[in-house]
1. Under 5 Å between amide H atoms, partner at least 5 residues away or on a different chain: which partners does THR58 have, H built in plane at 1.01 Å?
2. For ALA51 and PHE14, calculate 0.36 nm times their separation in residues minus their Cα-Cα distance, and state this gained length in nm to one decimal.
Amino acid sequence: MKNKKIIIAGGTGFIGQELARYFGKDNHVVILTRQSVQSNNNRYNNKLLKASDGYNITYWRWDGKHIEKHWAMELDGSDI
C-alpha cells in the first residue's frame, strides 16, 4: 500500500509506533494522541518517529480536555 493517508489513534504507544513505522515511509500517517509528543512520555521512553527519520508523519494532540480543531480536518481525505 502506497500514497494513502492513514489515521492512527493512540499512535505514540507501542502498537501505534510500529504501525507508523510500517506505513510511514510510503504513506502519510496522521497520529492522534492524548499524550505529549515528548519521547519521555511515550513508548517506554523510545524516540518517536518523525520526518527527519524519513517518515511522513504528523502528530496531533487529541483528548477530551484540549480541543484542537485542526485534527478534525486531518480526517478529511483519509483512506484508512
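Only the coordinates and a few stated rules stand behind these numbers; no lab work does. Here the structure is a predicted model, which is why all the values come from computation and not from measurement.
1. Close amide H contacts, sequence-distant or interchain: VAL29, VAL30, ILE31.
2. Numbers: separation 37, 0.36 × 37 = 13.32 nm, distance 1.85 nm.
Result for the pair: 11.5 nm of gain on full extension.
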